[in-house]
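The values are calculated or read from the model by the stated rules, or taken from the named source; none is laboratory data. Fair warning: this is a prediction, and the values are worked out from it, not measured in the lab. Cβ placement follows ideal geometry from the backbone for every residue including glycine, while neighbour counts extend to all protein chains displayed. Side chains included, ligands, DNA and RNA excluded: accessible areas come from the protein's heavy atoms. Shrake-Rupley method; radii C 1.70, N 1.55, O 1.52, S 1.80 Å.
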Amino acid sequence: MGIVVQKYGGSSLADADAIKRVARRIVDVKKSGHDVVVAVSAMGDTTDDLLDLANGVSPLPPAREMDMLLTAGERISMSLVAMAISDLGFTARSFTGSQAGVITDSVHGKAKIIDVTPGRITQAIGEGHIVIVAGFQGVSQDTKEITTLGRGGTDTTAVALAAALEADVCEIYTDVDGVFTADPRIVPTARKLDQVSYEEMLELAACGAKILHLRCVEYGRRYGIPIHVRSSFSQLHGTWVVNDPAAASEGETMEQPIIAGVAHDRSEAKITVVGVPDKVGEAARIFEALADAQINLDMIVQNVSAAATSLTDISFTLPRTDGQTAMTALARIQAEVGYDKLLYDDKIGKVSLIGAGMRSHPGITSKFFGALASAGVNIGMISTSEIRISVVVDENAVDDAVRATHTAFDLDADEVEAVVYGGTGR
Ligand code: ADP
Ligand code: ASP
Ligand code: MG
């Protein structure tokens, strides 16, 4: 029988009892004849607690040391899970990301996996062990330093392992029953999707649905690894992230629903560069400075310049965690660019409507904006792709905006089926 790769998130490993429960699940798979490789996250809110601790010690901790600190969280759970498994009469070997052969680039805090060389994993499997790998971490090819993959990165560790080990499926165990039409913590009437395409899941993840790490979905699509998102607290089937959901449903010809779901994101901030001279090359200089600082931008809006002054404003959104770095990088080029000032706003949220069916259905935008208007939500910025419409709103309006949109597109289930089994939602 083949290799099964599983991932257990922090909410599934919150305390000693939870770890024992997860160990029993893992052992059951081994008993059924499969080889098992498991990627684990840090217990409960450990990563947030470690971040708070670091920020209590230093206002801007060095990125290298931050990675050394945060990777400790996953090392704690990997060894505890291995201990619990040995108590059940099976042997497990735990490995750090580096030991497991997870090779990354050298960008601390958001490293990308460039290769997985799972020699020690396959050797341990060959010796009959269950393998537990610390998620969210790797080692840089160039600097040999320990790196982390960004928040939620254990999902990506799991899918990368599944690809390297040629597993048939990667199971992502979490604290809800699958991918829903909205975050069940905000919309209790959200509906579980039995299947969702990589394409839609990419947009959902990119727009803040933290049920899956964005790069894990990219990885899954590139290597053709079906991802099964399900609860570690129930035996229910979850959501399959696959190439073509319609084809996967046993030849049934069912029409794709227009909307896959509504996602929200409270992790971004907005920077406005006020009074940029409206001439060739200014925008390039601004965005070059941000690229050099390794900052990923999201929405970008440039206003039409005022005729009287020939000055324009450029606004963009970015991860809040990069806010300080971006402001510093931009301040450095103020004289060169000749802009007036910088404004920083982190009291924003983003709400996105996602669905492949949008391509062929006019009127989606007007219905979305109409729902926001009826809920009294003001729109700050707008961006669209072929299968997505996103708006920036006030941080406090996010929940209302998500619920109103979910209802307007008839996504509410008749009965509440969205159970949240654990986690603090932090
Ligand atoms: P884990 O600790 O298992 O990695 P996360 O907290 O990272 O869990 O992700 C699971 C959470 O994602 C859920 O508890 C839920 O609040 C949130 N979530 C956001 N959007 C969705 C969605 N569309 N469907 C399901 N869960 C979602
Ligand atoms: N522990 C890390 C985090 O909280 C990685 C993960 O959970 O996937 O972001
Ligand atoms: Mg997660």
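Picking from residues in the stretch 58-78 that are without any contact (Cβ under 8 Å) to a residue 12 or more places away in the chain and not in a helix (DSSP H, G or I), the one that is nearest to ligand 3 (Cβ to nearest atom) is P61.
Looking only at the stretch 16-28, residues that are surrounded by fewer than 21 Cβ atoms within 10 Å (Cβ to Cβ) and either charged (D, E, K, R) or in contact with a strand residue (DSSP E or B) (Cβ under 8 Å, 6 or more places away or on another chain) (or both) come to 7 in all. Restricting Q99, Q123 to residues that are modelled with pLDDT of 95 or more, open to solvent by 40 Å² or more (accessible area, probe 1.4 Å) and farther than 23 Å from Y173 by Cβ narrows the list to Q123.
If only residues of the stretch 129-161 that are assigned to a loop (DSSP other than H, G, I, E, B) and over 13 Å from L214 (Cβ atoms) are counted, the one that is nearest to the chain's Cα centre (by Cα) is F136.
Just to be sure before I move on: is G349 open to solvent by less than 40 Å² (accessible area, probe 1.4 Å) and in contact with a helix residue (DSSP H, G or I) (Cβ under 7 Å, 6 or more places away or on another chain) in the structure I sent? Here the answer is yes, as G349 does meet what is asked. Taking the listed residues D168, D177, the one that is modelled with pLDDT under 95 and not aliphatic (A, V, I, L, M) is D168, with no other qualifying. Screening the stretch 147-172 for residues that are crowded, with 24+ Cβ neighbours inside 10 Å and within 14 Å of T47 (Cα to Cα) and picking the one that is nearest to ligand 1 (Cβ to nearest atom) gives T154. Only one entry of R320, R285 meets the criterion of being farther than 15 Å from E268 by Cα and either in contact (Cβ under 8 Å) with a residue 12 or more places away in the chain or surrounded by 19 or more Cβ atoms within 10 Å (Cβ to Cβ) (or both), and that entry is R285.
Examine the stretch 36-43 for a residue that is among the β-branched types (V, I, T) and surrounded by fewer than 23 Cβ atoms within 10 Å (Cβ to Cβ), and state whether such a residue exists. No, that holds for no residue. Total residues in the stretch 29-62 satisfying the condition of being of a type in the set (A, V, I, L, M), out of contact with any strand residue (DSSP E or B) (no Cβ under 6 Å at 6 or more places or on another chain), away from ligand 1 (no atom under 16 Å from the Cβ) and at pLDDT 95 or above: the figure is 3. The residue of the stretch 175-211 that is nearest to V4 (Cα to Cα), among those that are under 13 Å from the mean Cα position of the chain (by Cα), open to solvent by 10 Å² or more (accessible area, probe 1.4 Å) and not charged (D, E, K, R), is I211.
Checked against (1) surrounded by 17 or more Cβ atoms within 10 Å (Cβ to Cβ); (2) under 30 Å from T181 (Cα atoms), L330 meets all criteria but (2).
Is it the case that A206 is aliphatic (A, V, I, L, M), more than 15 Å from ligand 2 (Cβ to nearest atom) and either under 27 Å from A134 (Cα atoms) or without any contact (Cβ under 8 Å) to a residue 40 or more places away in the chain (or both)? Lay out the reasoning, then the answer.
Numbers: aliphatic (A, V, I, L, M): yes; more than 15 Å from ligand 2 (Cβ to nearest atom): yes; either under 27 Å from A134 (Cα atoms) or without any contact (Cβ under 8 Å) to a residue 40 or more places away in the chain (or both): yes.
Answer is yes for this residue.
Output the strands (runs of 3 or more DSSP E) that fall wholly within the stretch 332-426 and possess 1 or more residues being under 20 Å from the mean Cα position of the chain (by Cα), or say none. Working first, answer last.
On the way: elements: 341-345, 348-354, 381-385, 388-394.
The qualifying strands (runs of 3 or more DSSP E) are 348-354, 381-385, 388-394.
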